[in-house]
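A short worksheet on the structure shown next.
The values are calculated or read from the model by the stated rules, or taken from the named source; none is laboratory data. Small disclaimer: the values here were computed from a predicted structure and weren't measured. Glycine gets a Cβ as well: all are built from the backbone with ideal geometry, and neighbour counts include every protein chain shown. Just the protein is used for accessible areas: all its heavy atoms, side chains included, with ligands, DNA and RNA removed. Shrake-Rupley method; radii C 1.70, N 1.55, O 1.52, S 1.80 Å.
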Number of protein chains: 2
Amino acid sequence: MAIEGLLIDLDGVLYVGDKETPGAASMLEAIRERDIPFRFVSNTTRKSRRTISRKLQDMGFPVEAAEIFTPAVAAISWLETQGSPRVHLLTTGDVDQEFLDAGISPVDHDVEQVVVGDAGGNFSYIRMNQAFRFVMDGAGIIALEKDRYWMAPDGLALSAGPFVNALEYATRKSALVVGKPAPEFFRLALEALGLPAGNVAMIGDDIDTDIGGALSCGMQAILVRTGKFRPGVTSASPVTPTEIIDNFAQLERML
Amino acid sequence: MAIEGLLIDLDGVLYVGDKETPGAASMLEAIRERDIPFRFVSNTTRKSRRTISRKLQDMGFPVEAAEIFTPAVAAISWLETQGSPRVHLLTTGDVDQEFLDAGISPVDHDVEQVVVGDAGGNFSYIRMNQAFRFVMDGAGIIALEKDRYWMAPDGLALSAGPFVNALEYATRKSALVVGKPAPEFFRLALEALGLPAGNVAMIGDDIDTDIGGALSCGMQAILVRTGKFRPGVTSASPVTPTEIIDNFAQLERML
(Lines give C-alpha, C1' and ligand atoms only; values in the text may rest on other atoms or scores of the structure.)
Protein backbone atom coordinates (compact mmCIF):
# COMPACT_ATOMS: atom_id res chain seq x y z
CA MET A 1 0.00 0.00 0.00
CA ALA A 2 1.21 3.52 -0.75
CA ILE A 3 2.71 5.54 2.10
CA GLU A 4 0.94 8.88 2.32
CA GLY A 5 2.05 9.88 5.79
CA LEU A 6 4.75 9.05 8.32
CA LEU A 7 5.15 8.68 12.07
CA ILE A 8 8.86 8.78 12.79
CA ASP A 9 10.45 7.70 16.06
CA LEU A 10 13.23 10.03 17.19
CA ASP A 11 15.79 8.28 19.40
CA GLY A 12 17.41 5.40 17.50
CA VAL A 13 15.95 6.45 14.14
CA LEU A 14 16.84 10.08 13.48
CA TYR A 15 19.81 9.93 15.84
CA VAL A 16 21.61 7.51 18.16
CA GLY A 17 23.02 9.08 21.30
CA ASP A 18 23.66 12.63 20.06
CA LYS A 19 24.68 11.55 16.54
CA GLU A 20 22.60 11.74 13.39
CA THR A 21 22.08 8.35 11.69
CA PRO A 22 23.71 8.36 8.19
CA GLY A 23 21.85 10.71 5.87
CA ALA A 24 18.97 11.34 8.29
CA ALA A 25 18.91 15.15 7.89
CA SER A 26 18.86 14.92 4.06
CA MET A 27 16.12 12.31 4.23
CA LEU A 28 14.04 14.60 6.42
CA GLU A 29 14.58 17.39 3.88
CA ALA A 30 13.41 15.06 1.06
CA ILE A 31 10.23 14.23 3.01
CA ARG A 32 9.52 17.94 3.43
CA GLU A 33 10.14 18.61 -0.27
CA ARG A 34 7.62 15.97 -1.24
CA ASP A 35 5.05 17.41 1.14
CA ILE A 36 4.49 14.09 2.89
CA PRO A 37 2.63 14.76 6.15
CA PHE A 38 4.56 13.46 9.17
CA ARG A 39 4.96 13.67 12.94
CA PHE A 40 7.93 12.75 15.04
CA VAL A 41 6.69 10.48 17.77
CA SER A 42 8.59 10.14 21.03
CA ASN A 43 7.62 8.33 24.19
CA THR A 44 9.44 10.74 26.45
CA THR A 45 7.29 11.92 29.34
CA ARG A 46 9.86 14.23 30.93
CA LYS A 47 10.25 16.87 28.22
CA SER A 48 7.98 19.40 26.55
CA ARG A 49 7.96 19.54 22.75
CA ARG A 50 9.73 22.91 22.89
CA THR A 51 12.63 21.31 24.74
CA ILE A 52 12.75 18.35 22.32
CA SER A 53 12.64 20.71 19.33
CA ARG A 54 15.53 22.79 20.74
CA LYS A 55 17.56 19.60 21.23
CA LEU A 56 16.85 18.52 17.64
CA GLN A 57 17.81 21.94 16.32
CA ASP A 58 21.08 21.74 18.26
CA MET A 59 21.76 18.42 16.50
CA GLY A 60 21.10 20.00 13.10
CA PHE A 61 17.51 18.93 12.53
CA PRO A 62 15.20 21.86 11.83
CA VAL A 63 12.10 20.51 13.60
CA GLU A 64 9.26 22.61 15.01
CA ALA A 65 7.54 21.76 18.31
CA ALA A 66 4.25 21.34 16.40
CA GLU A 67 5.79 18.52 14.35
CA ILE A 68 6.42 16.43 17.47
CA PHE A 69 3.91 14.09 19.11
CA THR A 70 4.42 12.81 22.66
CA PRO A 71 2.30 11.06 25.29
CA ALA A 72 1.68 14.46 26.91
CA VAL A 73 0.30 15.77 23.60
CA ALA A 74 -1.86 12.64 23.32
CA ALA A 75 -3.11 13.19 26.89
CA ILE A 76 -3.93 16.82 26.11
CA SER A 77 -5.87 15.87 22.93
CA TRP A 78 -7.81 13.31 24.92
CA LEU A 79 -8.49 15.74 27.79
CA GLU A 80 -9.85 18.28 25.28
CA THR A 81 -12.39 15.73 24.07
CA GLN A 82 -13.50 15.27 27.68
CA GLY A 83 -14.36 18.91 28.29
CA SER A 84 -10.95 19.74 29.79
CA PRO A 85 -11.26 18.21 33.27
CA ARG A 86 -9.13 19.45 36.18
CA VAL A 87 -5.71 17.79 35.96
CA HIS A 88 -3.09 16.91 38.56
CA LEU A 89 0.41 16.07 37.31
CA LEU A 90 2.68 13.43 38.81
CA THR A 91 5.56 14.11 36.43
CA THR A 92 9.04 15.60 36.35
CA GLY A 93 11.15 17.70 33.97
CA ASP A 94 9.33 20.42 32.03
CA VAL A 95 6.45 18.31 30.72
CA ASP A 96 4.15 20.52 32.82
CA GLN A 97 5.04 23.28 30.33
CA GLU A 98 3.29 21.25 27.61
CA PHE A 99 0.07 21.39 29.61
CA LEU A 100 0.49 25.10 30.41
CA ASP A 101 1.12 25.82 26.70
CA ALA A 102 -2.18 24.08 25.95
CA GLY A 103 -3.99 26.25 28.49
CA ILE A 104 -4.20 23.52 31.13
CA SER A 105 -3.10 24.65 34.60
CA PRO A 106 -2.36 21.68 36.85
CA VAL A 107 -4.24 21.69 40.17
CA ASP A 108 -3.88 20.17 43.64
CA HIS A 109 -7.54 19.97 44.67
CA ASP A 110 -10.87 18.90 43.14
CA VAL A 111 -8.79 16.81 40.75
CA GLU A 112 -10.62 14.96 37.95
CA GLN A 113 -7.67 13.30 36.20
CA VAL A 114 -4.27 12.33 37.62
CA VAL A 115 -1.62 12.28 34.87
CA VAL A 116 1.33 10.02 35.68
CA GLY A 117 4.60 10.21 33.75
CA ASP A 118 8.10 9.00 34.51
CA ALA A 119 8.36 11.21 37.59
CA GLY A 120 11.71 9.80 38.83
CA GLY A 121 12.53 11.29 42.22
CA ASN A 122 9.04 12.86 42.35
CA PHE A 123 7.67 9.40 43.11
CA SER A 124 7.87 10.07 46.84
CA TYR A 125 5.50 8.40 49.26
CA ILE A 126 3.81 11.75 49.85
CA ARG A 127 3.28 12.44 46.13
CA MET A 128 2.05 8.87 45.51
CA ASN A 129 -0.34 9.09 48.45
CA GLN A 130 -1.66 12.44 47.26
CA ALA A 131 -2.35 10.98 43.79
CA PHE A 132 -3.92 7.91 45.42
CA ARG A 133 -6.33 10.05 47.44
CA PHE A 134 -7.38 12.02 44.35
CA VAL A 135 -8.22 8.76 42.57
CA MET A 136 -10.09 7.40 45.61
CA ASP A 137 -12.07 10.66 45.58
CA GLY A 138 -13.13 9.94 42.00
CA ALA A 139 -10.32 11.09 39.69
CA GLY A 140 -9.25 8.97 36.71
CA ILE A 141 -5.66 7.87 36.02
CA ILE A 142 -3.92 8.79 32.73
CA ALA A 143 -0.59 7.00 32.25
CA LEU A 144 1.79 8.80 29.88
CA GLU A 145 3.57 5.46 29.57
CA LYS A 146 3.59 2.11 31.32
CA ASP A 147 7.15 0.94 30.69
CA ARG A 148 8.81 -1.20 33.31
CA TYR A 149 12.29 0.38 33.40
CA TRP A 150 14.93 2.07 31.36
CA MET A 151 18.72 2.08 31.24
CA ALA A 152 19.89 5.15 33.17
CA PRO A 153 23.56 6.17 33.04
CA ASP A 154 24.17 4.46 36.43
CA GLY A 155 22.07 1.32 35.82
CA LEU A 156 18.47 0.15 35.46
CA ALA A 157 15.89 2.67 36.65
CA LEU A 158 12.16 2.29 37.26
CA SER A 159 9.91 3.93 34.65
CA ALA A 160 6.35 5.13 35.21
CA GLY A 161 4.80 1.67 34.74
CA PRO A 162 5.46 0.26 38.22
CA PHE A 163 4.05 3.38 39.88
CA VAL A 164 1.02 3.46 37.59
CA ASN A 165 0.51 -0.16 38.56
CA ALA A 166 0.79 0.71 42.26
CA LEU A 167 -1.99 3.30 41.89
CA GLU A 168 -4.13 0.87 39.90
CA TYR A 169 -3.70 -1.84 42.55
CA ALA A 170 -4.42 0.55 45.44
CA THR A 171 -7.55 2.02 43.86
CA ARG A 172 -8.80 -0.98 41.81
CA LYS A 173 -9.05 1.34 38.80
CA SER A 174 -7.39 1.00 35.39
CA ALA A 175 -5.28 3.76 33.90
CA LEU A 176 -5.84 5.05 30.38
CA VAL A 177 -2.41 4.58 28.80
CA VAL A 178 -1.67 7.23 26.15
CA GLY A 179 1.99 6.43 25.34
CA LYS A 180 3.40 3.90 22.85
CA PRO A 181 2.46 1.09 22.27
CA ALA A 182 -1.10 1.93 23.46
CA PRO A 183 -3.63 2.13 20.60
CA GLU A 184 -4.77 5.50 21.99
CA PHE A 185 -1.34 6.98 21.23
CA PHE A 186 -1.36 5.93 17.59
CA ARG A 187 -5.03 6.84 17.18
CA LEU A 188 -4.41 10.38 18.41
CA ALA A 189 -1.22 10.73 16.36
CA LEU A 190 -3.10 9.64 13.22
CA GLU A 191 -5.84 12.13 14.08
CA ALA A 192 -3.17 14.85 14.22
CA LEU A 193 -1.97 13.76 10.76
CA GLY A 194 -5.53 13.55 9.44
CA LEU A 195 -4.88 10.29 7.57
CA PRO A 196 -6.35 6.78 7.83
CA ALA A 197 -4.11 4.19 9.52
CA GLY A 198 -3.56 2.04 6.42
CA ASN A 199 -1.93 4.89 4.51
CA VAL A 200 0.55 5.79 7.24
CA ALA A 201 3.85 4.09 8.06
CA MET A 202 5.49 4.11 11.47
CA ILE A 203 9.32 4.06 11.33
CA GLY A 204 10.94 2.86 14.52
CA ASP A 205 13.73 0.82 16.11
CA ASP A 206 11.66 -1.06 18.73
CA ILE A 207 10.00 -4.23 17.50
CA ASP A 208 7.34 -4.11 20.22
CA THR A 209 6.40 -0.54 21.05
CA ASP A 210 6.95 0.91 17.55
CA ILE A 211 6.32 -1.96 15.14
CA GLY A 212 3.92 -4.12 17.14
CA GLY A 213 1.96 -1.10 18.35
CA ALA A 214 1.60 0.42 14.88
CA LEU A 215 0.68 -2.88 13.18
CA SER A 216 -2.05 -3.60 15.70
CA CYS A 217 -3.56 -0.22 14.82
CA GLY A 218 -3.66 -1.12 11.13
CA MET A 219 -0.64 0.99 10.14
CA GLN A 220 2.33 -0.05 8.06
CA ALA A 221 5.47 -0.43 10.20
CA ILE A 222 9.07 -0.12 9.09
CA LEU A 223 11.86 -1.34 11.36
CA VAL A 224 15.29 0.32 11.10
CA ARG A 225 18.53 -1.49 11.87
CA THR A 226 19.79 1.39 14.02
CA GLY A 227 19.29 2.33 17.67
CA LYS A 228 18.11 -0.55 19.83
CA PHE A 229 17.79 -2.91 16.85
CA ARG A 230 19.76 -6.16 17.32
CA PRO A 231 20.15 -9.03 14.81
CA GLY A 232 17.76 -11.82 15.73
CA VAL A 233 15.15 -9.51 17.23
CA THR A 234 12.69 -10.23 14.43
CA SER A 235 13.04 -14.02 14.64
CA ALA A 236 12.64 -13.85 18.45
CA SER A 237 9.41 -11.82 18.18
CA PRO A 238 5.96 -12.77 16.89
CA VAL A 239 5.83 -9.31 15.27
CA THR A 240 6.64 -9.08 11.53
CA PRO A 241 7.46 -5.58 10.29
CA THR A 242 6.02 -4.52 6.93
CA GLU A 243 9.60 -3.75 5.90
CA ILE A 244 13.09 -3.68 7.42
CA ILE A 245 15.63 -1.06 6.26
CA ASP A 246 19.19 -0.32 7.32
CA ASN A 247 18.46 3.20 8.45
CA PHE A 248 16.06 6.11 8.16
CA ALA A 249 17.75 7.38 4.94
CA GLN A 250 16.79 4.15 3.16
CA LEU A 251 13.17 5.21 3.42
CA GLU A 252 13.97 7.02 0.16
CA ARG A 253 13.41 3.89 -1.92
CA MET A 254 9.96 3.35 -0.43
CA LEU A 255 8.41 6.77 -1.10
CA MET B 1 -14.73 -29.81 66.44
CA ALA B 2 -12.93 -29.16 69.72
CA ILE B 3 -10.73 -26.10 70.01
CA GLU B 4 -7.27 -27.12 71.19
CA GLY B 5 -5.39 -23.97 70.25
CA LEU B 6 -6.04 -20.33 69.41
CA LEU B 7 -4.77 -17.66 67.07
CA ILE B 8 -6.00 -14.34 68.42
CA ASP B 9 -6.02 -11.09 66.47
CA LEU B 10 -4.96 -8.10 68.56
CA ASP B 11 -6.39 -4.83 67.29
CA GLY B 12 -10.20 -4.96 67.33
CA VAL B 13 -10.32 -8.17 69.39
CA LEU B 14 -8.27 -7.71 72.55
CA TYR B 15 -8.62 -3.93 72.39
CA VAL B 16 -10.16 -1.21 70.24
CA GLY B 17 -8.14 1.97 70.02
CA ASP B 18 -6.31 1.87 73.35
CA LYS B 19 -9.23 0.33 75.25
CA GLU B 20 -9.64 -3.26 76.33
CA THR B 21 -12.77 -4.95 74.94
CA PRO B 22 -15.14 -5.94 77.82
CA GLY B 23 -13.60 -8.73 79.90
CA ALA B 24 -10.69 -9.36 77.51
CA ALA B 25 -7.95 -9.43 80.18
CA SER B 26 -9.88 -11.96 82.33
CA MET B 27 -10.58 -14.10 79.28
CA LEU B 28 -6.88 -14.14 78.46
CA GLU B 29 -6.18 -15.22 82.06
CA ALA B 30 -8.74 -18.05 81.72
CA ILE B 31 -7.04 -19.29 78.54
CA ARG B 32 -3.69 -19.35 80.32
CA GLU B 33 -5.18 -21.19 83.30
CA ARG B 34 -6.53 -23.90 81.02
CA ASP B 35 -3.16 -24.26 79.29
CA ILE B 36 -4.62 -23.74 75.85
CA PRO B 37 -1.77 -23.03 73.44
CA PHE B 38 -2.20 -19.70 71.64
CA ARG B 39 -0.46 -16.98 69.67
CA PHE B 40 -1.51 -13.40 69.19
CA VAL B 41 -1.41 -12.73 65.48
CA SER B 42 -1.01 -9.20 64.18
CA ASN B 43 -0.49 -8.02 60.62
CA THR B 44 1.59 -5.04 61.67
CA THR B 45 4.81 -4.75 59.67
CA ARG B 46 6.14 -1.63 61.38
CA LYS B 47 6.71 -2.94 64.91
CA SER B 48 8.87 -5.59 66.51
CA ARG B 49 7.25 -8.06 68.90
CA ARG B 50 9.09 -6.43 71.80
CA THR B 51 7.42 -3.11 70.99
CA ILE B 52 4.00 -4.73 70.61
CA SER B 53 4.44 -6.59 73.88
CA ARG B 54 5.39 -3.37 75.69
CA LYS B 55 2.28 -1.68 74.30
CA LEU B 56 0.10 -4.60 75.47
CA GLN B 57 1.65 -4.53 78.92
CA ASP B 58 0.94 -0.77 79.11
CA MET B 59 -2.70 -1.57 78.37
CA GLY B 60 -2.80 -4.15 81.16
CA PHE B 61 -2.26 -7.35 79.15
CA PRO B 62 0.69 -9.40 80.38
CA VAL B 63 1.86 -10.70 77.00
CA GLU B 64 5.39 -11.86 76.17
CA ALA B 65 7.05 -11.11 72.83
CA ALA B 66 7.31 -14.86 72.20
CA GLU B 67 3.51 -15.15 72.34
CA ILE B 68 3.09 -12.79 69.39
CA PHE B 69 3.20 -13.81 65.74
CA THR B 70 3.65 -11.19 62.99
CA PRO B 71 4.49 -11.24 59.27
CA ALA B 72 8.12 -10.48 60.19
CA VAL B 73 8.19 -13.58 62.40
CA ALA B 74 6.63 -15.58 59.55
CA ALA B 75 9.28 -14.22 57.17
CA ILE B 76 12.06 -15.15 59.59
CA SER B 77 10.71 -18.72 59.99
CA TRP B 78 10.56 -19.07 56.23
CA LEU B 79 14.05 -17.61 55.74
CA GLU B 80 15.42 -20.10 58.26
CA THR B 81 14.04 -23.00 56.19
CA GLN B 82 15.88 -21.53 53.18
CA GLY B 83 19.33 -21.59 54.76
CA SER B 84 19.12 -17.97 55.96
CA PRO B 85 19.72 -16.05 52.73
CA ARG B 86 21.06 -12.50 52.72
CA VAL B 87 18.18 -10.11 53.38
CA HIS B 88 17.55 -6.50 52.45
CA LEU B 89 14.76 -4.67 54.31
CA LEU B 90 12.43 -2.11 52.76
CA THR B 91 10.55 -1.40 55.97
CA THR B 92 10.10 1.28 58.60
CA GLY B 93 9.63 1.48 62.38
CA ASP B 94 11.63 -0.99 64.46
CA VAL B 95 10.70 -4.16 62.56
CA ASP B 96 14.39 -4.44 61.64
CA GLN B 97 14.93 -5.20 65.34
CA GLU B 98 12.89 -8.41 64.88
CA PHE B 99 15.38 -9.57 62.26
CA LEU B 100 18.40 -8.54 64.35
CA ASP B 101 16.93 -10.40 67.37
CA ALA B 102 16.73 -13.49 65.17
CA GLY B 103 20.38 -13.12 64.16
CA ILE B 104 19.63 -11.74 60.70
CA SER B 105 21.63 -8.62 59.83
CA PRO B 106 20.06 -6.77 56.90
CA VAL B 107 22.46 -6.07 54.01
CA ASP B 108 22.75 -3.65 51.09
CA HIS B 109 24.72 -5.79 48.66
CA ASP B 110 24.68 -9.37 47.34
CA VAL B 111 21.05 -9.45 48.40
CA GLU B 112 19.13 -12.73 48.07
CA GLN B 113 15.72 -11.71 49.43
CA VAL B 114 14.14 -8.26 49.52
CA VAL B 115 11.63 -7.99 52.39
CA VAL B 116 8.96 -5.35 51.82
CA GLY B 117 6.76 -4.06 54.64
CA ASP B 118 4.62 -0.99 55.02
CA ALA B 119 7.61 1.31 54.69
CA GLY B 120 5.62 4.58 54.61
CA GLY B 121 7.95 7.46 53.88
CA ASN B 122 10.79 4.99 53.20
CA PHE B 123 9.11 4.22 49.87
CA SER B 124 11.25 6.82 48.14
CA TYR B 125 12.19 6.47 44.48
CA ILE B 126 15.78 5.74 45.49
CA ARG B 127 14.80 2.99 47.95
CA MET B 128 12.36 1.47 45.46
CA ASN B 129 14.94 1.54 42.70
CA GLN B 130 17.54 -0.06 44.97
CA ALA B 131 15.12 -2.90 45.81
CA PHE B 132 14.23 -3.22 42.11
CA ARG B 133 17.89 -3.63 41.14
CA PHE B 134 18.42 -6.31 43.80
CA VAL B 135 15.48 -8.28 42.38
CA MET B 136 16.70 -7.83 38.80
CA ASP B 137 20.06 -9.18 40.00
CA GLY B 138 18.32 -12.34 41.22
CA ALA B 139 16.86 -11.62 44.66
CA GLY B 140 13.36 -12.83 45.61
CA ILE B 141 10.60 -10.60 46.99
CA ILE B 142 9.00 -11.32 50.38
CA ALA B 143 5.92 -9.19 51.07
CA LEU B 144 5.12 -8.79 54.79
CA GLU B 145 1.64 -7.83 53.65
CA LYS B 146 -0.11 -6.87 50.43
CA ASP B 147 -2.89 -4.62 51.72
CA ARG B 148 -4.04 -1.78 49.52
CA TYR B 149 -4.35 1.01 52.09
CA TRP B 150 -5.19 1.81 55.68
CA MET B 151 -6.94 4.61 57.52
CA ALA B 152 -4.23 6.92 58.85
CA PRO B 153 -5.17 9.70 61.30
CA ASP B 154 -5.14 12.25 58.45
CA GLY B 155 -6.89 10.08 55.81
CA LEU B 156 -6.34 7.04 53.60
CA ALA B 157 -2.71 5.98 53.30
CA LEU B 158 -1.03 3.50 50.93
CA SER B 159 0.01 0.21 52.53
CA ALA B 160 2.78 -2.09 51.32
CA GLY B 161 0.61 -3.76 48.65
CA PRO B 162 0.85 -1.11 45.93
CA PHE B 163 4.63 -0.94 46.28
CA VAL B 164 4.99 -4.73 46.29
CA ASN B 165 2.90 -4.69 43.14
CA ALA B 166 5.16 -2.05 41.58
CA LEU B 167 8.20 -4.26 42.18
CA GLU B 168 6.39 -7.30 40.82
CA TYR B 169 5.36 -5.43 37.67
CA ALA B 170 8.84 -3.98 37.12
CA THR B 171 10.64 -7.32 37.57
CA ARG B 172 7.95 -9.74 36.30
CA LYS B 173 8.43 -11.74 39.52
CA SER B 174 5.84 -12.69 42.13
CA ALA B 175 6.31 -11.89 45.79
CA LEU B 176 5.93 -14.49 48.52
CA VAL B 177 3.27 -12.94 50.77
CA VAL B 178 3.76 -13.92 54.43
CA GLY B 179 1.13 -11.67 56.10
CA LYS B 180 -2.59 -12.35 56.65
CA PRO B 181 -4.58 -13.61 54.73
CA ALA B 182 -1.81 -15.50 52.90
CA PRO B 183 -1.84 -19.27 53.62
CA GLU B 184 1.89 -19.05 54.39
CA PHE B 185 1.13 -16.84 57.41
CA PHE B 186 -1.36 -19.26 58.94
CA ARG B 187 0.78 -22.28 58.06
CA LEU B 188 3.78 -20.82 59.89
CA ALA B 189 1.66 -19.68 62.86
CA LEU B 190 0.22 -23.20 63.17
CA GLU B 191 3.73 -24.58 62.98
CA ALA B 192 4.67 -22.31 65.90
CA LEU B 193 1.68 -23.68 67.85
CA GLY B 194 2.49 -27.26 66.89
CA LEU B 195 -1.15 -28.14 66.21
CA PRO B 196 -3.05 -29.29 63.10
CA ALA B 197 -5.24 -26.63 61.43
CA GLY B 198 -8.60 -28.30 62.21
CA ASN B 199 -8.02 -28.14 65.96
CA VAL B 200 -7.16 -24.44 66.02
CA ALA B 201 -9.55 -21.47 65.95
CA MET B 202 -8.67 -18.02 64.66
CA ILE B 203 -10.48 -15.19 66.47
CA GLY B 204 -10.65 -11.96 64.52
CA ASP B 205 -12.70 -8.92 63.51
CA ASP B 206 -11.97 -8.95 59.76
CA ILE B 207 -14.23 -11.18 57.70
CA ASP B 208 -11.68 -11.47 54.89
CA THR B 209 -8.16 -11.45 56.27
CA ASP B 210 -8.93 -13.19 59.59
CA ILE B 211 -11.96 -15.37 58.91
CA GLY B 212 -11.60 -16.07 55.17
CA GLY B 213 -7.85 -16.61 55.49
CA ALA B 214 -8.16 -19.04 58.41
CA LEU B 215 -11.06 -21.01 56.89
CA SER B 216 -9.20 -21.52 53.63
CA CYS B 217 -6.36 -23.06 55.65
CA GLY B 218 -8.76 -25.55 57.26
CA MET B 219 -8.93 -23.76 60.61
CA GLN B 220 -12.02 -22.86 62.56
CA ALA B 221 -12.73 -19.13 62.48
CA ILE B 222 -14.62 -17.04 65.02
CA LEU B 223 -15.73 -13.52 64.14
CA VAL B 224 -16.12 -10.97 66.95
CA ARG B 225 -18.60 -8.10 66.82
CA THR B 226 -15.96 -5.59 67.97
CA GLY B 227 -13.29 -3.59 66.12
CA LYS B 228 -13.92 -3.27 62.40
CA PHE B 229 -17.01 -5.55 62.54
CA ARG B 230 -20.12 -3.92 61.06
CA PRO B 231 -23.65 -5.39 60.92
CA GLY B 232 -24.30 -6.79 57.45
CA VAL B 233 -20.66 -7.70 56.84
CA THR B 234 -21.42 -11.42 56.91
CA SER B 235 -24.38 -11.23 54.52
CA ALA B 236 -22.30 -9.10 52.12
CA SER B 237 -19.44 -11.63 52.12
CA PRO B 238 -19.20 -15.14 50.67
CA VAL B 239 -17.29 -16.08 53.83
CA THR B 240 -19.21 -17.83 56.63
CA PRO B 241 -17.49 -17.81 60.04
CA THR B 242 -17.61 -21.02 62.09
CA GLU B 243 -19.11 -18.89 64.86
CA ILE B 244 -19.90 -15.24 65.61
CA ILE B 245 -19.58 -13.90 69.16
CA ASP B 246 -20.13 -10.46 70.65
CA ASN B 247 -16.60 -10.08 71.91
CA PHE B 248 -13.43 -11.93 72.87
CA ALA B 249 -14.72 -12.65 76.41
CA GLN B 250 -17.60 -14.72 74.97
CA LEU B 251 -15.03 -17.25 73.81
CA GLU B 252 -15.54 -18.63 77.32
CA ARG B 253 -18.65 -20.57 76.32
CA MET B 254 -16.82 -22.28 73.46
CA LEU B 255 -13.87 -23.70 75.34
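Which one of A:F134, A:T240, B:T81 has its Cα pushed farthest toward the positive end of the charge dipole of the protein assembly as shown, where Lys and Arg give +1 and Asp and Glu give -1 at the Cβ?
A:T240
Counting alpha carbon pairs within less than 8 Å and at least 6 residues apart, what relative contact order, in whole percent, applies to region A:70-152?
32
Tell me, how many Å apart are the Cα centres for region B:199-255 and for region A:161-203?
One Cα centre to the other: 45 Å.
List the accessible area buried at the contact between A and B, summed over both sides and calculated with a 1.4 Å probe, in Å² to the nearest 100.
Numbers: alone 11840 and 11820 Å², together 21040 Å².
Summed over both sides, the interface buries about 2600 Å².
What size of dipole, in debye to the nearest 20, comes out for chain B about its Cα centre when the only charges are +1 on Lys and Arg C-beta atoms and -1 on Asp and Glu C-beta atoms? Mind dumping the intermediate values first?
Working: 23 positive and 34 negative charges, 97 e Å.
In total the dipole reaches around 460 debye.
Determine the relative contact order of chain A: mean sequence separation of Cα pairs under 8 Å and six or more apart, normalised by residue count, in whole percent.
Values: 491 pairs, mean separation 55.3, N = 255.
Reported as a whole number, the value is 22 percent.
As a test of the definition: which semi-axes, in Å, follow for region A:83-125 when you take the square root of five times each eigenvalue of its alpha carbon gyration tensor? Largest first, please.
On the way: eigenvalues 63, 35, 10 Å².
Equivalent ellipsoid semi-axes, largest first: 18, 13, 7 Å.
Scan around B:S216 for amide H atoms under 5 Å from its own, H built in the peptide plane at 1.01 Å from N, and keep only partners 5 or more places away or cross-chain.
It is none; the list stays empty.
Relative to the longest principal Cα axis of chain B, at what angle does helix B:24-33 sit, 0 to 90 degrees, rounded to 10?
For helix B:24-33, the angle is close to 90 degrees.
Which order do B:W78, B:W150 take when ranked by solvent-accessible area (1.4 Å probe, heavy atoms of all protein chains), largest first? Kindly include the intermediate steps, with their values, before the conclusion.
Values: B:W78 45, B:W150 95 Å².
Output order, biggest surface exposure first: B:W150, B:W78.
Give, in nm to one decimal, the length gained when the segment between B:R32 and B:L176 is fully stretched (0.36 nm per residue of separation minus the Cα-Cα distance).
Details: separation 144, 0.36 × 144 = 51.84 nm, distance 3.36 nm.
Between B:R32 and B:L176, full extension yields 48.5 nm more.
Pop a pseudo-label 7 angstrom from the Cα along the beta-carbon direction at both B:S124 and B:R54 and give the gap in nm to one decimal.
Taking the simple label geometry, B:S124 and B:R54 are separated by 2.6 nm.
Before rounding to the nearest 500, sum -39500 (n - 2.57) across all DSSP H runs of length at least 4 in the protein assembly as shown and divide by the residue total; then give [θ] at 222 nm in deg cm²/dmol. Mind dumping the intermediate values first?
Details: 16 runs with 154 residues, N = 510.
Taking each H run of at least 4 residues, the total per residue is -8500 deg cm²/dmol.
Per residue, how large is the accessible surface of region B:169-255? Use a 1.4 angstrom probe and give square angstrom. Walk me through the intermediate numbers first.
Details: 3660 Å² over 87 residues.
I get 42 Å² per residue for this part.
When the Cα atoms of chain A are enclosed in a convex hull and the volume is divided per residue, what value in Å³ results? Intermediate results must be reported in sequence, preceding the final value.
Working: hull volume 33.0 nm³, N = 255.
Given the Cα convex hull of chain A, per-residue volume reads 130 Å³.
Which Cβ of chain B lies nearest the axis of the rotation superposing B onto A, and at what whole-Å distance?
Residue nearest the B-to-A axis, with distance in whole Å: B:A166, 2.
Of A:K55/A:K173; A:K146/B:K180; A:K55/A:K228; A:K173/B:K47; A:K180/A:K228; A:K228/B:K146, which sit over 26 Å apart, Cα to Cα?
Details: A:K55/A:K173 37 Å; A:K146/B:K180 30 Å; A:K55/A:K228 20 Å; A:K173/B:K47 31 Å; A:K180/A:K228 16 Å; A:K228/B:K146 36 Å.
Over 26 Å Cα-Cα: A:K55/A:K173; A:K146/B:K180; A:K173/B:K47; A:K228/B:K146.
Work out how far the C-alpha atoms of region B:194-255 reach from end to end along every principal axis, then list the three figures in whole Å, largest first.
34, 25, 14
Counting only protein heavy atoms and a 1.4 Å probe, tell me what percentage of the protein assembly as shown's accessible area is made up of carbon and sulfur.
Details: 10360 of 21040 Å².
Accessible surface attributable to carbon and sulfur in the protein assembly as shown totals 49 percent.
Just to be sure I understand the model, the point goes 7 Å from the Cα along the line to the Cβ. What's the resulting A:L100 to A:K19 distance in nm?
The modelled label-to-label distance comes out at 3.7 nm.
Using every alpha carbon pair in the protein assembly as shown, what percent of pairs falls into each 10 Å bin from 0 up to the bin containing the largest distance?
Calculated P(r), rounded to whole percents: 4, 17, 23, 20, 15, 11, 7, 3, 1, 0.
On the Cα set of region B:96-188, report Rg and Dmax in Å, please.
For region B:96-188, the Cα-based Rg and Dmax read 13.5, 38 Å.
With springs connecting C-alpha atoms under 10 Å apart, model chain B as a Gaussian network and identify which of B:I104, B:I222, B:I211 has the largest mean-square fluctuation.
B:I104
Once each part is reduced to its C-alpha centroid, what is the distance from region B:8-34 to region A:117-152 in angstrom?
41
Normalised radius of gyration for region A:1-153, please: alpha carbon Rg relative to 2.2 N^0.38 Å, two decimal places. Could you put the intermediate results ahead of the total?
Numbers: Rg = 17.4 Å, N = 153, 2.2 N^0.38 = 14.9 Å.
The value comes to 1.17.
Taking N as the number of residues in region B:119-168, what is its Cα Rg relative to 2.2 N^0.38 Å?
Details: Rg = 11.8 Å, N = 50, 2.2 N^0.38 = 9.7 Å.
Its radius of gyration relative to the 2.2 N^0.38 Å reference: 1.21.
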